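Since the structure comes first, as structure tokens, the remarks are kept for the end.
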Amino acid sequence: MRAQHWVDEPFLRAACDVIARELDWDSLHSGCLHRATSQAKTLAGSPLIVGVLGQAEHLAELLREAEQDRRENGFSVDTPLWLYVPASLPLPSSLPPAVVIKRVSATKVRGKGKG
């Protein structure tokens with residue numbers, strides 16, 4: 001098990017608020033998102049991998065974890081990874097094509113801002 005988290009608790013809560021509106025919440029293992037990816041389904045039932053990243057230095061580790069999830073679940077390499085990150089987090093422009101960046105504003109924290 002990894003000792004270091006990829007995301008802090010306040011941002012994870014904000015990301016989970018957005019995830020709960022965009023994905024089938026019952027299809028994912030939200031308890032692992034501090035330091036792992038999870039398989040999930042869109043609201044339409046399409047399979048995907050979901051991850052939450054708060055610190056860019058953990059990106060390579062998260063991408064490896066997503067690949068492992070794809071293999072373990074029998075998903076194709078084209079299965080999307082929906083990656084929830086802070087709106088201000090700089091990411092490289094050369095991400096794999098299956099990565100879908102979902103930027104979450106700090107105002108998305110429960111009880112604050114819109115939505």
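The values are calculated or read from the model by the stated rules, or taken from the named source; none is laboratory data. Note that the structure is a prediction, hence the values are computed from the model and not measured. Positions of Cβ are generated from backbone atoms using ideal geometry, with glycine treated the same way; all protein chains shown enter the neighbour counts.
Points to keep in mind about this one:
- Any pair with Cβ under 9 angstrom, 6 or more apart, that starts in the range 45-73 at a residue that is over 21 Å from ASP26 (Cα atoms) and ends at one that is at pLDDT below 95 and acidic (Asp, Glu): GLY54/ASP8; GLN55/ASP8
- Scanning the range 1-51 for residues that are more than 13 Å from the chain's Cα centre (by Cα), of a type in the set (Gly, Ala, Ser) and over 17 Å from ASP69 (Cβ atoms) gives ALA3, ALA44, GLY45.
- All conditions but one from (1) in a loop (DSSP other than H, G, I, E, B); (2) at pLDDT below 95; (3) not aromatic (Phe, Trp, Tyr) apply to GLU65; the one that does not is (1).
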